[in-house]
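Enquirer: The structure is given below, and queries will be raised subsequently.
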Amino acid sequence: MAGLTIVFDYSGTLSLEAVAFAKDDTLERQLHLSGLADFGVMSPEIFWGKIVNPTWEEGSRSPIGYRRLIVGKISEKWTVSRKGTSLAALDRAAGIFVARYFSHSRIDPSWRPLLQELYNHPLVTAVVATDHYAEATEAIKGQFQDLEMKALPLAAGGKADVRVGDKEEDEDPESRGRFFIANSADLGHRKDEEKFWVRVRERTKWAPTDRLLLVDDFGANEAAGDHYGQEAKVAARRQSTMEMLTKVFAGRAEVMPFILSGDETMRPGEARLRIEQIAARVRESLRGGGSPHV
């Protein structure tokens, strides 16, 4: 029977708390609590405009990490004397901020039943795909550990290259149950690039008889502060992603959008309902091998 590779986006899909952290009021509070405000980063506008946007290109494609980028950007025009007196304090503040961010990036509990079902399914290869900083890989691994599941980065060799159901996996029982983490910072390419998906295909040993299913919000659920969730951009991102998946996965790809309304009061219940709908369609697809459109 053909296998099914299921790819989950992280921020805005598996983790809604990561999105909530970027809301203006929450973000401003965290800038002050961490101490970054003491170094001039005291508002969301400064944070996005002076820190994140100028460093995202490097941060999302390299192992440099969020913390080092924050420190480097804030201190880039400091004198040698100020670096000597203040760099350690800045590094501590950046570390606190990054730790708080990832502690607020938990997997939504409503996903847990489906994730547990997929974890040991003999026909399923499950992947978490994210455009993120280097620290996200360990943070996501920790999230799955909290759920009593194992997750391995695709960029690592060895066991992470072993496909579920392959004979070679039978020689390594420890690799049977796990999720894969495809982080752009590890792979060197982002999700809007074909090479990212080629790496996913190669590392998971996807076969032409298999199907691929992507569950993604395409930025629609992101906070507005970084301008990532604008409607036209979401539509364009979804279309271009589908075109890439169709090409890379030989026309055997499907997309399940995980897009919520902008009503914050309705979002928790709406998210649970949407997750239940996706879970039902995935189960139906696994039973009958059919298309999991929703």
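Enquirer: Picking from Ala232, Ala185, Ala129, which is most flexible by a Gaussian network model of the chain using Cα springs under 10 Å?
Expert: In the Gaussian network model the winner is Ala232.
Enquirer: What's the tally of Lys pairs in the chain whose alpha-carbon atoms lie under 20 angstrom apart, where the two lysines are 8 or more places apart or on different chains?
Expert: Pairs that pass both the separation and distance tests number 20.
Enquirer: For helix 267-288, report the angle its Cα long axis makes with the longest principal axis of the Cα atoms of the chain; keep it between 0 and 90° and round to the nearest 10°.
Expert: The angle comes out near 30 degrees.
Enquirer: Cα axis of helix 135-146 to longest principal axis of the chain: angle in degrees, 0 to 90, nearest 10?
Expert: Approximately 60 degrees, to the nearest 10.
Enquirer: May I ask you to work out the translational diffusion coefficient for the chain at 25 °C, viscosity 0.890 mPa s, via Stokes-Einstein with Rh from the Kirkwood sum over Cα pairs, reported in whole µm²/s?
Expert: D = 123 µm²/s.
Enquirer: Another question, then. Order 253-260, 240-247 from most to least packed using the mean count of other Cβ atoms within 10 Å.
Expert: Final packing ranking: 253-260, 240-247.
Enquirer: So if each residue of separation counts as 0.36 nm, and I subtract the Cα-Cα distance between Ser62 and Thr79, what length gain in nm does that give? Before the final figure, lay out each step's value.
Expert: Working: separation 17, 0.36 × 17 = 6.12 nm, distance 2.68 nm.
Length gained, Ser62 through Thr79: 3.4 nm.
Enquirer: Between Ser86 and Gln230, what length comes free when the chain is fully extended (0.36 nm per residue of separation minus the Cα-Cα distance, one decimal in nm)?
Expert: 48.0 nm
No lab work stands behind these numbers, since they all come straight from the coordinates. Small disclaimer: the values here were computed from a predicted structure and weren't measured. As a convention, Cβ positions derive from the backbone with ideal geometry for all residues, glycine included, and neighbour counts pool all protein chains shown.
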